[in-house]
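Comments concern the structure below.
The values are calculated or read from the model by the stated rules, or taken from the named source; none is laboratory data. If you're wondering where the values come from, they're calculated on a predicted model, not measured in any experiment. Here the Cβ positions follow ideal geometry from the backbone for every residue, glycine too, while neighbour counts run over all protein chains shown.
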Amino acid sequence: MVKSEIHDKIGILALNHPEKLNALSQAMVDELVATLNEFKSKKIRVVILTAEPNKSQVWSSGHYIPELPDGKEDPLGYFDPLEVLLRTIQSYPGPIITQIHGSVWGGACDLIMTSDIVIGDPTGSFAITPAKIGIPYNASGIAHFISRLGVNQAKEMFFTAQPVKAPRALDWGIINHIVEEEKLEQFTLDMAHRITTLSPLSISVIKEQFRILANSQALNPEVFERIDGLRKKVWESEDYLEGIASFREKRKPVFTGE
């Protein structure tokens, strides 16, 4: 499900499961995490995360919905495979550059928010869609969006579930650069090569400081307990059951707010 290669000090990871629109299933995530750990052991300085071209023009459709629990259980807990992948990306000692061609949906959009640098072409679009299925998104994920976009843009993305297309994504800071499609790969490689000429120790320490400072707002235990309680109301709700059922039955959900 994942293709990998190494060029000098650059590791390249490509999502490669077009039959499922590169959904982030446990099997795919396990491959990504294992390869990132392998790259780390080999002291690969920069990782480019991309996707093999597919007819659907979908970079990734996000969480693999059939693997989400049917109800009465947190669908996005600390040990959820995607959460493990996001932490692996954040803790990787070198920059993770994500190269985007096509649309990015749901949990894959969170992956974009935790990447260090994002480069896309004009086909790129980004949508975070838990409200379409009735999923209570987790606090760490929402924090990723706020950290990158600010509160106003993050709210619009979550509340509307509408795609943010490349030009607006550039204005909002979702992506760093928009590059013509035929130049995208070379532009990304050139940036990665430039980074490999710099001090890897310096970059590693600076990246970790960015992570610490971005997460530096303290929350007391009562706030964490309230957040858990609020999210539990959703994953135990009829709306959550309806969202999962409608996805599996390939129909539009009918939410009641109960």
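A few notes on this one:
- Residues (farther than 20 Å from Asp110 by Cα and aromatic (Phe, Trp, Tyr)) located in the range 13-61: Phe39
Conditions tested, residue by residue: (1) closer than 28 Å to Trp235 by Cα; (2) modelled with pLDDT of 95 or more; (3) surrounded by 20 or more Cβ atoms within 10 Å (Cβ to Cβ).
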| position | (1), (2), (3) |
| --- | --- |
| Thr50 | no, yes, yes |
| His63 | yes, no, yes |
| Tyr78 | yes, no, no |
| Gly94 | no, yes, yes |
| Gln99 | no, yes, yes |
| Val104 | yes, yes, yes |
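- Complete set of residues in the range 158-169 that are within 11 Å of Trp105 (Cα to Cα) and without any contact (Cβ under 8 Å) to a residue 60 or more places away in the chain: Ala161, Gln162, Val164
- A single entry from Ile119, Ile44 fulfils the requirement of being assigned to a loop (DSSP other than H, G, I, E, B), buried (at least 18 other Cβ atoms within 10 Å of the Cβ) and among the hydrophobic types (A, V, I, L, M, F, W, C): Ile44.
- Candidate set: the range 140-157, residues that are out of contact with any Phe, Trp or Tyr (no Cβ under 7 Å at 6 or more places or on another chain), closer than 19 Å to Leu86 by Cβ and free of Cβ contacts under 8 Å to residues at least 24 places away in the same chain; chosen: the one surrounded by the fewest Cβ atoms within 10 Å (Cβ to Cβ): Ile146
- When Ile203 is tested against the conditions (1) closer than 16 Å to Ile48 by Cβ; (2) hydrophobic (A, V, I, L, M, F, W, C); (3) touching a strand residue (DSSP E or B) at 6+ places or on another chain (Cβ under 7 Å), the lone failure is (3).
- Applying the set (1) modelled with pLDDT of 95 or more; (2) in contact with a helix residue (DSSP H, G or I) (Cβ under 6 Å, 6 or more places away or on another chain); (3) in a loop (DSSP other than H, G, I, E, B); (4) small (Gly, Ala, Ser) to Gly71 leaves exactly one unmet item: (1).
- Residues that are touching a residue at least 24 places away in the same chain (Cβ under 8 Å), among the aliphatic types (A, V, I, L, M) and part of a helix (DSSP H, G or I) were ranked within the range 175-209; the one that is surrounded by the most Cβ atoms within 10 Å (Cβ to Cβ) is Ala192.
- Among the residues of the range 164-174, just one is in contact with a helix residue (DSSP H, G or I) (Cβ under 8 Å, 6 or more places away or on another chain) and in a helix (DSSP H, G or I), namely Trp172.
- Any chance Ile133 is of a type outside the set (Ser, Thr, Tyr), surrounded by 13 or more Cβ atoms within 10 Å (Cβ to Cβ) and modelled with pLDDT of 90 or more: no
- The lone exception for Thr35 - which of (1) surrounded by fewer than 21 Cβ atoms within 10 Å (Cβ to Cβ); (2) of a type in the set (S, T, N, Q); (3) in contact with a helix residue (DSSP H, G or I) (Cβ under 9 Å, 6 or more places away or on another chain); (4) modelled with pLDDT of 95 or more it fails: (3)
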